[in-house]
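Contents: one structure, followed by commentary.
What follows is calculated from the coordinates using simple rules that are stated; it is not laboratory data. Remember, it's a predicted structure, so these values are computed and weren't measured experimentally. FYI the Cβ positions are ideal-geometry reconstructions off the backbone, even for glycines, and counts take in every protein chain you see.
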Amino acid sequence: MADGTIDSDGLNADLCSDKKVSRDRVDFVREEYKRYKRKKPPPDFSEVIDFQDPTSFRGHVEKFEVGGIHSKFGLRCSSEWRAYKLKSCPGLMFIVNPFLPGGQHYWIKRCMEDFPRKPNVCNLDAHMTLDPEKSVWEISNSSGENRGLMDRLRWVHLGYHFDYNVVDYKPERYYDFPLDLAGMTRHIASTIGYPDYSPEAGIVNYYPLGGTMGGHTDHYESDLSWPLISLSFGQTAIFLIGGATRDIRPEALYIRSGDILIMSGQSRTAFHAVPRIIKVGDEYEPPPCLKWPNGLFDDKTNKTTGVNLDELDVRDKNTAILDKNCASTNIVGGNDTESNKCSVEEFCNYKICSESEHFSFEANKSSGCNKLDFGAKSTRMKSLNAEEWKKFEVYISKTRININVRQVHEQGKTMNSFCQ
Ligand SMILES: O=C(O)CCC(=O)C(=O)O
């Protein structure tokens, strides 16, 4: 997380941590940040690396293969991921939207309806006392004086909370890390070579269209050898990634809805920033991959018309576009025939949540830990249907959501091991 959190309307000033660059050295992080933030005249975007068009940036990016035969947590089978490294920044990995149709909808709903609620701490706590029984989303949709509050939400902490006042994590402020998010980020980490990853701390950033995040490094975790996993949904960002010091000129990348960025190795402590959010599509429209009918199908198959969504067999349709070797996850407690027949709405509710419950079972089994339970509360959600999605769609058509997940402690000293 940045010491300077999202800067857009004065709610969170950019307190950009490390501006101490000696006079004779140029602060390229700041220079590039200002360049890409500029409104008039707008910057030239031709140098912004686009992982959707890797051939045009061949000198900068390099494809790498990831193994794996399971499609889990709303993600495609990992052997199908379009995964890249950035040559200038060792350890930085970029996965172009690996979400299955419907997967992004699930995580967006989680970020809007579920994560911004007590006991999680958010930026609004500094300004008001939030109803502990309601999420910010619920308050925002009610008729009271705080109607529209969601537009002022900038960040929410998950799991191990960071305290900006003392600029450190506080062990007494550890709440259950969301089980499903833990499962998904463990799955991602293990796919890229970190099978023992323990997601402990998360920050969900909510960027309005004018939102930015100043240049910073994330170095407060006591063990920096674990990757930072960053998931983005909604509007597109320009993301800057530099090096260990501000006098290394950062490269600019596009991060679009569904993209996953991983900072590991040297890149884990590299300077980075978000100077600009770019509106995609028409005014009240989300990015195409988040429109309800489009979001449920693969654009290659383009089977978006004339299909009864309720009867769609998600797994069959998806396997049609997946590699033949790609097995569907075994769902604990569900018989396979039944899981094959889940409807689109149930995809979120049933598949991802069942996988989370399985994960919780495995996590607890291995740690023998029941007290903190590693976020083992059931995450089963109410059904998400097209009608309900419309409410989320309005918000995501003017917002970028970023979930940033970290392991804080070295292995064996994770929060799991504190619960005796
Ligand atoms: O929004 C992003 O992509 C980056 C967020 C970030 O750098 C942070 O939370 O520290």
Among HIS157, HIS216, what is the fewest-to-most ranking by other Cβ atoms within 10 Å? HIS216, HIS157
Would you mind computing, in nm to one decimal, how far apart the modelled labels at ASP196 and LEU209 are, each placed 7 Å from Cα along Cα→Cβ? 4.8
Selection from LEU231, ASN205, HIS272, by position along the positive dipole direction of region 196-298 (Cβ): HIS272
Farthest toward positive dipole pole in region 135-246 [+1 Lys/Arg, -1 Asp/Glu at C-beta], among THR191, TYR169, ALA244: ALA244
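About its Cα centre, what dipole magnitude does region 129-221 give when the only charges are +1 on Lys and Arg Cβ and -1 on Asp and Glu Cβ, stated in debye to the nearest 20?
Values: 7 positive and 14 negative charges, 55 e Å.
Here the size comes out at about 260 debye.
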Taking R0 as 30 Å, what's the FRET efficiency between SER46 and ASP24 from their Cβ-Cβ distance, rounded to 0.05? 0.45
At R0 = 30 Å, FRET efficiency that the Cβ-Cβ distance of THR55 and HIS219 yields, to 0.05: 0.30
SER143 and LYS391 label points (each 7 Å along its Cα→Cβ direction) are spaced in nm at 1.5
What is the fewest-to-most order of PHE57, PHE115 by other Cβ atoms lying within 10 Å of their Cβ? PHE57, PHE115
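When the dipole is taken about the Cα centre of region 40-99, and only Lys, Arg (+1) and Asp, Glu (-1) are charged at their Cβ, what size is it in debye, to the nearest 20?
Numbers: 8 positive and 7 negative charges, 35 e Å.
In total the dipole reaches around 160 debye.
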Could you tell me which of the pairs LYS37/LYS109; LYS109/LYS413; LYS291/LYS390 are separated by over 21 angstrom between their Cα atoms in the structure shown? LYS37/LYS109; LYS109/LYS413
Cβ-based exposure ranking for THR129, THR269, THR399, THR212, in which fewest neighbours within 10 Å come first: THR129, THR269, THR212, THR399
